[in-house]
Amino acid sequence: MPTMNIIQAVNDALRTEMRRDDRVVILGQDVGKFGGVFRATQGLFEEFGPNRVLDTPLAEAGIIGSAIGMALYGLRPVPEIQFADFIYPAFDQIVNEASKMRYRSGGQYACPMVIRTPCGGGIRGGHYHSQSPEAYFIHTPGLKVVMPSNPSDAKGLLSASIRDDNPVIFLEPKRLYRAARGEVPEGEYVVELGKAKVVREGDDVTIVTYGAVVHTTLQAAEKAAQEDGISVEIIDLRTLLPYDIDTILISVMKTGRVLIAHEAAKMCGFGAELSATLNEKALLHLQAPILRVTGFDIPFPYTFEHEYLPNEKRLRKALQDSINF
Amino acid sequence: MPEGLVRILRPDGKVEKGQKVPSINPKDLIHLYRVMLLNRRVDERMTTLQRQGRIGFYIGSVGEEAAIIGSAFALEEKDWIIPCYRELGAALLRGFSLFEFCCQLFGNAQDSIKGRQMPNHYASAKLRFGSISSPVGNQIPYATGIGLAARLRGTAEAVLVYFGEGATSEGDFHVAVNFAGVYKTPTIFLCRNNQWAISMPRELQTASKSIAIKAKAYGIEGVQVDGNDIFGVYSVTREAVDRARRGEGPTLIEAVTYRLGAHSTSDDPRAYRDDEEVEGWKEKDPLCRFKLYLMAEGHWGEEKDAYLEEEIKNEIQAALKKSERIGPPSIDTMFEDVLDRVPWHLKEQLEELRRVQELDAVQQEA
């Protein structure tokens, strides 16, 4: 198996799915000849031409609105929003149109499309190149929301999203784009949506996380094992909606302690939903309060971005708090 | 596209000097008149129904029938219609049945959208008639997208999208027309300029001299037509459709018309506009104008008209009688079609609802 980074894996998924299905069309700013500002669509314009890879005017509502029309027509558009921070002009089209099209038409129309967008901080991007907007979309009925943490999943989940009959928000943690490398299966490769993955087995505390924070939690877990004697199990959710409740419950029933970690702000973040659901379903298995290590409830800061992000120190402290409760 | 306001049929039913009536066979002319009259009578009947509390809401198109039906008539079956919420006439012309329409008003078990939206928000994929959403202007960008897809696939299908003059103030209008211009999509943007966006007059929407003139800035064709003249509307739309099929790109049509009724049953226009203005526009009524023409040409007569009125009345009554009896959809359908398959959390929520309902039933029995 070849080794790739996430950008290469995304590119491989797009190329493979475009070869497999001629309804798959890419559109967005700079995605054509230039190959995207992160190079995720590099070489696709050359291989598939201007009718499959479209450079668009600079207007997110236009990109998503056009993609909805293409999906209604029967194509499989994969629009790119250059940064998740810039998705809001298209919010109305996503929340009021794409997500509701199937429901409001009684199943007569559908909007199969994948909105790819880089998210998250840690790249010195400040407010407007660092946001993690997943909660808005998880909160919106009618969308699937996916966030990979490694190249192999990036390829498999993106391929599955393109084949899915629903609108999918596909969030790519941009600080992993080139930092995360790993083996990626060649050719067609699909990772089923809605299935989490236990990326580290342990007995004392379960960490539920996704995206770039998976890597931070893995490092924190190693330190916690060596220095604090805490055995940590880590679940990478991969699909945030619909998320894999069974895998979480099996782990929670084993460990009895839960830590939820994500980059997005704490207030009404996805961790709040996970925590509430675990309280409903597993209260009597819990030996400590469910804790959250997340971004703070402030706009994403520039100078203090590494203090803002869930880091190793904050994670280890929370693990200790859970154990010592 | 011609400069200035296009008008073929004058308010008095006579043909404007130097203008030619488009070639439409008498059978189609009568059919167009029938659909216009049906549209008008349905609007009147359903407004009463709302007043009686039998439906929750109604939004009609009294006065705008020519703009809607004349433009839709310029399309073929393969073309798409992306409606706003006043295009019942276009749906009826396409073959949407009155029974289906009434089922949607009641949100009953036969409603093709399963009781999921308020009245007048129907959809028909088999007629290539879009799903209606309430937010103003939201449909315009995806009409561009459908046109773009058709162009990429190399078909000669056209897309006709409707919106009011209020929608032209929305960003979605701008992005949609801009994208359409850049990609030369086969999209016909039909603005029903009915002068009023609820209580906001046309002058408050834009300082532009007209809506049609906005086309120039996007590098596309624009034309202004008397929206109460069915021949004028049909002619300019037909030309726009032909251009679209030839790959010559989009057209912005401003159909100058007037909302003779309230915005919807939730509105009372007496609070913000003069009766005089309304009376003035009643003299330009698209239906009267067309009827006068048809009578003058010998295609129509008062006797036939009285018969048609009776036929339509009965048709509406029959559709209402049949649809009002039908009960609501099953509660399971409430959780379907959110995603293509019902995910675990929605299955749980359905179960939760069922348990409460069962409890209710048990308590009522006791």
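This table checks each residue for (1) under 24 Å from the mean Cα position of the chain (by Cα); (2) over 26 Å from B:Ile8 (Cβ atoms).
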position: B:Glu297; (1), (2): no, no
position: B:Lys304; (1), (2): no, no
position: B:Glu310; (1), (2): no, yes
position: B:Leu320; (1), (2): yes, yes
position: B:Arg325; (1), (2): no, yes
position: B:Asp332; (1), (2): no, yes
position: B:Arg341; (1), (2): no, yes
position: B:Trp344; (1), (2): no, yes
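Please pick out the residue among A:Gly120, A:Gly142, A:Gly202 that is over 13 Å from the mean Cα position of the chain (by Cα), modelled with pLDDT of 95 or more and over 29 Å from A:Met253 (Cα atoms).
A:Gly142
It is to be established whether one or more residues within segment B:46-57 are under 12 Å from the mean Cα position of the chain (by Cα), away from chain A (no Cβ under 13 Å) and surrounded by fewer than 24 Cβ atoms within 10 Å (Cβ to Cβ). Spell out how you get there, then give the answer.
Going residue by residue through segment B:46-57, those that are under 12 Å from the mean Cα position of the chain (by Cα) are none.
Looking through segment B:46-57, none of the residues is under 12 Å from the mean Cα position of the chain (by Cα), away from chain A (no Cβ under 13 Å) and surrounded by fewer than 24 Cβ atoms within 10 Å (Cβ to Cβ).
Take the residues in segment B:148-167 that are hydrophobic (A, V, I, L, M, F, W, C) and surrounded by fewer than 23 Cβ atoms within 10 Å (Cβ to Cβ), then tell me which one is nearest to the other protein chains (Cβ to nearest Cβ).
For segment B:148-167, the residue satisfying everything is B:Leu152.
For a quick check of your reading: which strands (runs of 3 or more DSSP E) sit entirely within segment A:100-186 and have at least 3 residues that are in contact with a Ser or Thr (Cβ under 7 Å, 6 or more places away or on another chain) and buried (at least 19 other Cβ atoms within 10 Å of the Cβ)?
Here the list reads A:167-173.
Just wondering, is there one or more residues in segment A:58-70 that are among the β-branched types (Val, Ile, Thr), at the interface with chain B (Cβ under 8 Å from one of its Cβ atoms) and part of a helix (DSSP H, G or I)?
Residues of segment A:58-70 among the β-branched types (Val, Ile, Thr): A:63-64, A:68.
Restricting the remaining residues to those that are at the interface with chain B (Cβ under 8 Å from one of its Cβ atoms) gives A:64, A:68.
The next check asks that each one be part of a helix (DSSP H, G or I); those that pass are A:64, A:68.
Yes, there is a match, as at least one residue in segment A:58-70 is among the β-branched types (Val, Ile, Thr), at the interface with chain B (Cβ under 8 Å from one of its Cβ atoms) and part of a helix (DSSP H, G or I).
Looking at segment B:122-147 only, could you name the residues that are closer than 17 Å to B:Val338 by Cα and at the interface with another protein chain (Cβ under 7 Å from one of its Cβ atoms)?
Within segment B:122-147, B:Ala123, B:Ser131, B:Ser133 qualify.
Consider only pairs whose beta carbons are under 7 Å apart and that are at least six residues apart or on different chains; among these, list those whose first residue lies in segment A:183-194 and is touching a residue at least 60 places away in the same chain (Cβ under 8 Å) and farther than 11 Å from A:Ala154 by Cα and whose second residue is among the charged types (D, E, K, R) and outside any loop (DSSP other than H, G, I, E, B).
The qualifying pairs are A:Glu188/A:Arg20.
Residue by residue through segment B:58-82, note down the ones that are over 9 Å from the mean Cα position of the chain (by Cα) and among the hydroxyl-bearing types (Ser, Thr, Tyr).
B:Tyr58, B:Ser71
Just need a number here: residues in segment B:50-97 that are touching a Phe, Trp or Tyr at 6+ places or on another chain (Cβ under 6 Å) and not charged (D, E, K, R).
Total satisfying the criteria: 10.
What number of residues within segment B:203-225 are of a type outside the set (Val, Ile, Thr) and out of contact with any Asp or Glu (no Cβ under 9 Å at 6 or more places or on another chain)? Break it down into steps so the answer makes sense when it comes.
As a first pass, look at segment B:203-225 and keep what is of a type outside the set (Val, Ile, Thr): B:203-205, B:207-210, B:212, B:214-219, B:221-222, B:224.
Among the residues that remain, those that are also out of contact with any Asp or Glu (no Cβ under 9 Å at 6 or more places or on another chain) are: B:203-204, B:207-209, B:216-219.
Counting residues in segment B:203-225 that are of a type outside the set (Val, Ile, Thr) and out of contact with any Asp or Glu (no Cβ under 9 Å at 6 or more places or on another chain) gives 9.
For segment B:95-113, does any single residue satisfy the condition of being out of contact with any strand residue (DSSP E or B) (no Cβ under 6 Å at 6 or more places or on another chain), more than 16 Å from B:Ser323 (Cβ to Cβ) and surrounded by fewer than 21 Cβ atoms within 10 Å (Cβ to Cβ)?
Yes, because at least one residue in segment B:95-113 is out of contact with any strand residue (DSSP E or B) (no Cβ under 6 Å at 6 or more places or on another chain), more than 16 Å from B:Ser323 (Cβ to Cβ) and surrounded by fewer than 21 Cβ atoms within 10 Å (Cβ to Cβ).
Among the residues of segment B:300-312, which ones are surrounded by 15 or more Cβ atoms within 10 Å (Cβ to Cβ) and assigned to a loop (DSSP other than H, G, I, E, B)?
B:Trp300
Looking at this structure, is A:Leu44 farther than 27 Å from B:Ile132 by Cβ, within 13 Å of chain B (Cβ to nearest Cβ) and modelled with pLDDT of 95 or more?
No.
So that you can scan it fast, the table gives a plain yes or no per residue for (1) touching a residue at least 24 places away in the same chain (Cβ under 8 Å); (2) in contact with a strand residue (DSSP E or B) (Cβ under 7 Å, 6 or more places away or on another chain); (3) part of a loop (DSSP other than H, G, I, E, B):
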{"residue": "B:Thr144", "(1), (2), (3)": "yes, yes, no"}
{"residue": "B:Ala149", "(1), (2), (3)": "no, no, no"}
{"residue": "B:Thr168", "(1), (2), (3)": "yes, yes, no"}
{"residue": "B:Asp172", "(1), (2), (3)": "yes, no, no"}
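Do you know which residues across segment B:168-185 are in contact with a Phe, Trp or Tyr (Cβ under 6 Å, 6 or more places away or on another chain), surrounded by fewer than 24 Cβ atoms within 10 Å (Cβ to Cβ) and of a type in the set (A, V, I, L, M)?
none
Being under 21 Å from A:Leu44 (Cα atoms) and either more than 9 Å from chain B (Cβ to nearest Cβ) or under 18 Å from the mean Cα position of the chain (by Cα) (or both) is the filter here; which residues of segment A:71-111 pass it?
Residues satisfying the conditions are A:Arg76, A:Val78, A:Pro79, A:Glu80, A:Ile81, A:Gln82, A:Phe83.
Consider segment A:273-311. How many of its residues are closer than 13 Å to A:Glu263 by Cα and not hydrophobic (A, V, I, L, M, F, W, C)? First the steps, then the outcome.
First pass over segment A:273-311, keeping only residues closer than 13 Å to A:Glu263 by Cα: A:292-301, A:305-311.
Applying the additional criterion that residues be not hydrophobic (A, V, I, L, M, F, W, C) yields A:292, A:294-295, A:297, A:299, A:301, A:305-308, A:310-311.
Residues flagged as closer than 13 Å to A:Glu263 by Cα and not hydrophobic (A, V, I, L, M, F, W, C) within segment A:273-311 amount to 12.
The values are calculated or read from the model by the stated rules, or taken from the named source; none is laboratory data. Computed from a predicted structure; not experimentally measured. In this analysis, Cβ positions are derived from the backbone assuming ideal geometry, glycine residues included, and neighbour counts consider all displayed protein chains.
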